[in-house]
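Heads up: the structure comes next, in structure tokens.
The values are calculated or read from the model by the stated rules, or taken from the named source; none is laboratory data. Given the structure is predicted, the values throughout are model-derived calculations rather than measurements. So basically every Cβ, Gly included, is an ideal-geometry build from the backbone, and we count neighbours across all protein chains shown.
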Amino acid sequence: MPLSKLEASIEISRPIAEVIAFVDDNSNDPMWQTSVLESEKKTDGPAAVGTIYHIKEKFLGRVIEQDWEVTARNEDGSTWSAKSLSGPFPMEATMAFETCGDQCTRVSRSLSIDVGRFFKAASPVVGHIAKREMDTDFANLKELLEAAA
């Protein structure tokens, strides 16, 4: 099955703790992630390995619902990984937050998508559209967080 691995990163002029806190709050997801319509945390407590989220999003004109599970996370939330448990195609994501100066945070995301049976013939196009969406999402995140300064 065709697999797309996408990467994006951006520097945000905000302290790392503020950036992590904003991204950790899944109720913020629809504000900065263009495809996310709804994001619901299904498990109680702070984000940790085993936390489940239900995401409803729109991609290529289709509404897609997926459950995601956090598969790895360090204590301060500066790196974490998750994988889809349901939905039309398997996905895995990793986020990393690093200090790049006094008031600067570098955010990096890696996303692997197995487009499989749904978009097999259009795999390169799907990858291109998803990469463009990731870049737009990061620009939105930067704008939101820097405007709050």
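Quick one: is residue 45 without any contact (Cβ under 8 Å) to a residue 24 or more places away in the chain, under 22 Å from residue 140 (Cα atoms) and over 14 Å from the mean Cα position of the chain (by Cα)?
No.
Run down 109, 73 and say which single residue is over 18 Å from residue 7 (Cα atoms) and among the basic types (Lys, Arg).
Answer to the selection: 73.
I need the full set of residues from the range 66-83 which are touching a Pro at 6+ places or on another chain (Cβ under 9 Å) and over 19 Å from residue 108 (Cα atoms), in order please.
66 - this is the single residue of the range 66-83 that is touching a Pro at 6+ places or on another chain (Cβ under 9 Å) and over 19 Å from residue 108 (Cα atoms).
If we keep just the residues of the range 52-103 that are assigned to a loop (DSSP other than H, G, I, E, B) and closer than 25 Å to residue 145 by Cβ, which is modelled with the lowest pLDDT?
Residues of the range 52-103 assigned to a loop (DSSP other than H, G, I, E, B): 60-61, 74-78, 85-90, 102-103.
Applying the additional criterion that residues be closer than 25 Å to residue 145 by Cβ yields 74-78, 102-103.
On the way: 74: 96, 75: 93, 76: 94, 77: 95, 78: 97, 102: 84, 103: 91.
Ranking the qualifying residues of the range 52-103, first place goes to 102.
Pull up the range 3-32, narrow it to residues that are at pLDDT below 95 and farther than 19 Å from residue 78 by Cα, then point me to the one that is surrounded by the most Cβ atoms within 10 Å (Cβ to Cβ).
4
Answer yes if at least one residue in the range 118-134 is within 15 Å of the chain's Cα centre (by Cα) and closer than 25 Å to residue 21 by Cβ, and no otherwise.
Yes, there is a match, as at least one residue in the range 118-134 is within 15 Å of the chain's Cα centre (by Cα) and closer than 25 Å to residue 21 by Cβ.
Does residue 39 fit the bill of being surrounded by 16 or more Cβ atoms within 10 Å (Cβ to Cβ) and in a strand (DSSP E or B)?
yes
Under 17 Å from the mean Cα position of the chain (by Cα), at pLDDT 95 or above, of a type in the set (A, V, I, L, M, F, W, C) and more than 17 Å from residue 79 (Cβ to Cβ): is that true of residue 37 in this structure?
Working: under 17 Å from the mean Cα position of the chain (by Cα): yes; at pLDDT 95 or above: yes; of a type in the set (A, V, I, L, M, F, W, C): yes; more than 17 Å from residue 79 (Cβ to Cβ): yes.
Here the answer is yes, as residue 37 does meet what is asked.
Restricting attention to the range 70-86, which residues are touching a Lys or Arg at 6+ places or on another chain (Cβ under 8 Å) and surrounded by fewer than 17 Cβ atoms within 10 Å (Cβ to Cβ)?
Those that are touching a Lys or Arg at 6+ places or on another chain (Cβ under 8 Å) and surrounded by fewer than 17 Cβ atoms within 10 Å (Cβ to Cβ): 71, 79, 81.
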